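The values are calculated or read from the model by the stated rules, or taken from the named source; none is laboratory data. A quick note: this is a predicted structure, and the numbers were derived from the prediction, not measured. Every residue, glycine among them, receives a Cβ derived from its backbone with ideal geometry; neighbour counts consider all protein chains shown.
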Amino acid sequence: GQQLNQSPQSMFIQEGEDVSMNCTSSSIFNTWLWYKQDPGEGPVLLIALYKAGELTSNGRLTAQFGITRKDSFLNISASIPSDVGIYFCAGQLASGGYQKVTFGTGTKLQVIP
Amino acid sequence: GAVVSQHPSRVICKSGTSVKIECRSLDFQATTMFWYRQFPKQSLMLMATSNEGSKATYEQGVEKDKFLINHASLTLSTLTVTSAHPEDSSFYICSASSSKTQYFGPGTRLLVL
């Protein structure tokens with residue numbers, strides 16, 4: 001199935017540093033979503049973006065819905081050890097009467113205390 | 001956010017047996033639920049879309065006779081892996097659609113011996 005291109009694939013950062021990751025697609029989406037997944041758990045929704053150009057924050061997290069509707073980025077400021085995990089972007093588009101979600105390839109984040 | 005549960009959280013079965021996984025939306029009604037499969041270190045891949053009161057829609061390459069989906073009520077969808085084989089071992093995650101976004105269950109780890 002289709003996947004979105006997400007980068008970087010993985011990153012090691014020092015505690016306190018800011019983090020940036022992005023997601024690109026060849027097709028447009030109506031909604032961009034960012035999830036975090038801990039090992040052995042399901043993804044947890046962090047931020048949802050519904051309009052092109054929208055910039056939304058959730059605590060230390062900030063995400064933007066690209067103007068072209070084909071990309072999105074997520075920033076994490078002042079990282080802490082509990083930010084460790086895998087971050088997935090996801091694009092959502094109406095298909096056959098329901099909202100179909102396509103996931104990115106994921107960014108594995110490791111924070112060094 | 002909305003709460004979605006899955007049962008069981010993990011299951012070990014012998015090759016050739018069938019396994020049923022339940023997905024429940026606990027605090028909202030979901031006309032549409034989704035089933036994903038995630039192999040180690042990979043992203044979530046959509047298997048099928050489960051619609052309450054109608055047949056599920058399967059993604060290309062997913063065998064509908066092997067992965068039986070039943071969405072009998074607005075809060076429950078079940079995935080049955082029939083005649084399971086070791087290659088079916090994976091992390092199965094459901095999600096339920098609430099208005100604009102999807103909320104994910106905690107996942108079910110299936111190991112087929």
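Would you be able to say whether some residue in the range B:47-63 is without any contact (Cβ under 8 Å) to a residue 40 or more places away in the chain, of a type in the set (Ser, Thr, Tyr), outside any strand (DSSP E or B) and loosely packed, with under 13 Cβ neighbours inside 10 Å?
Yes, the range B:47-63 contains at least one residue that is without any contact (Cβ under 8 Å) to a residue 40 or more places away in the chain, of a type in the set (Ser, Thr, Tyr), outside any strand (DSSP E or B) and loosely packed, with under 13 Cβ neighbours inside 10 Å.
Which pairs have Cβ atoms under 9 Å, sit 6 or more apart or on different chains, and link a residue in the range A:76-88 that is free of Cβ contacts under 8 Å to residues at least 12 places away in the same chain to one that is aliphatic (A, V, I, L, M) and in a loop (DSSP other than H, G, I, E, B)?
none
Condition (residue is over 13 Å from the mean Cα position of the chain (by Cα) and crowded, with 19+ Cβ neighbours inside 10 Å) applied to the range A:44-58: is it met by at least one residue?
There is no residue in the range A:44-58 that is over 13 Å from the mean Cα position of the chain (by Cα) and crowded, with 19+ Cβ neighbours inside 10 Å.
Only one of (1) assigned to a strand (DSSP E or B); (2) at pLDDT 95 or above; (3) away from chain B (no Cβ under 11 Å); (4) within 30 Å of B:SER9 (Cβ to Cβ) fails for A:SER79. Which number is that?
(1)
Go through the range A:94-113 residue by residue and tally those that are in contact with a strand residue (DSSP E or B) (Cβ under 8 Å, 6 or more places away or on another chain) and at pLDDT 85 or above.
Adding up the residues that qualify gives 12.
Working only within the range A:45-74, note down all residues that are in a strand (DSSP E or B), at pLDDT 95 or above and small (Gly, Ala, Ser).
A:SER57, A:ALA63, A:SER72
Residues in the range A:82-89: is at least one more than 12 Å from every other protein chain (Cβ to nearest Cβ), farther than 21 Å from B:SER98 by Cα and surrounded by fewer than 18 Cβ atoms within 10 Å (Cβ to Cβ)?
Step one: of the range A:82-89, the residues more than 12 Å from every other protein chain (Cβ to nearest Cβ) are A:82-85.
Remaining after also requiring farther than 21 Å from B:SER98 by Cα: A:82-85.
Subsequent filtering for residues that are surrounded by fewer than 18 Cβ atoms within 10 Å (Cβ to Cβ) retains A:82, A:84.
For the range A:82-89, residues more than 12 Å from every other protein chain (Cβ to nearest Cβ), farther than 21 Å from B:SER98 by Cα and surrounded by fewer than 18 Cβ atoms within 10 Å (Cβ to Cβ): present.
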